[in-house]
């Protein structure tokens, strides 16, 4: 199975997710926003469906794509976990740097009387 974050990170697929945020669309409607072929868009949509970020339904000769709420929430949780971990690392590094710095001196600053 493809990696959720890797699939969503590709620029064309990110744009597809953005476009589908405003509602259900057909491949043709989505392809109008890209310079790549309709076939390439279909392949991107297929990958997004495989990782659970999109749902597809067929009506007549058209296939309609929409965001899969559960999949999008999984992606959001994954991104949130990276962000939280990064913030935790930054805080730990800041604390370590602060502990290594010499204490501020008690000497008066320029213009201050002692």
Inset, instruction - State whether the residues of the stretch 86-95 include one that is in contact with a helix residue (DSSP H, G or I) (Cβ under 8 Å, 6 or more places away or on another chain) and surrounded by 10 or more Cβ atoms within 10 Å (Cβ to Cβ). - result: no
Legend entry - Single unsatisfied condition, residue 70 versus (1) surrounded by 12 or more Cβ atoms within 10 Å (Cβ to Cβ); (2) at pLDDT 95 or above; (3) not in a loop (DSSP other than H, G, I, E, B): (1)
Legend entry - Tally, over the stretch 47-65, of residues that are surrounded by fewer than 14 Cβ atoms within 10 Å (Cβ to Cβ) and either in contact (Cβ under 8 Å) with a residue 12 or more places away in the chain or in contact with a helix residue (DSSP H, G or I) (Cβ under 6 Å, 6 or more places away or on another chain) (or both): 2
Inset, instruction - Give the number of residues within the stretch 9-46 that are assigned to a helix (DSSP H, G or I), closer than 29 Å to residue 82 by Cα, touching a strand residue (DSSP E or B) at 6+ places or on another chain (Cβ under 9 Å) and touching a residue at least 24 places away in the same chain (Cβ under 8 Å). - result: 4
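The values are calculated or read from the model by the stated rules, or taken from the named source; none is laboratory data. Because the structure is predicted, anything quoted here is derived from the model rather than measured. Counting neighbours? That spans all protein chains shown, and the Cβs are built from the backbone with ideal geometry, glycine included.
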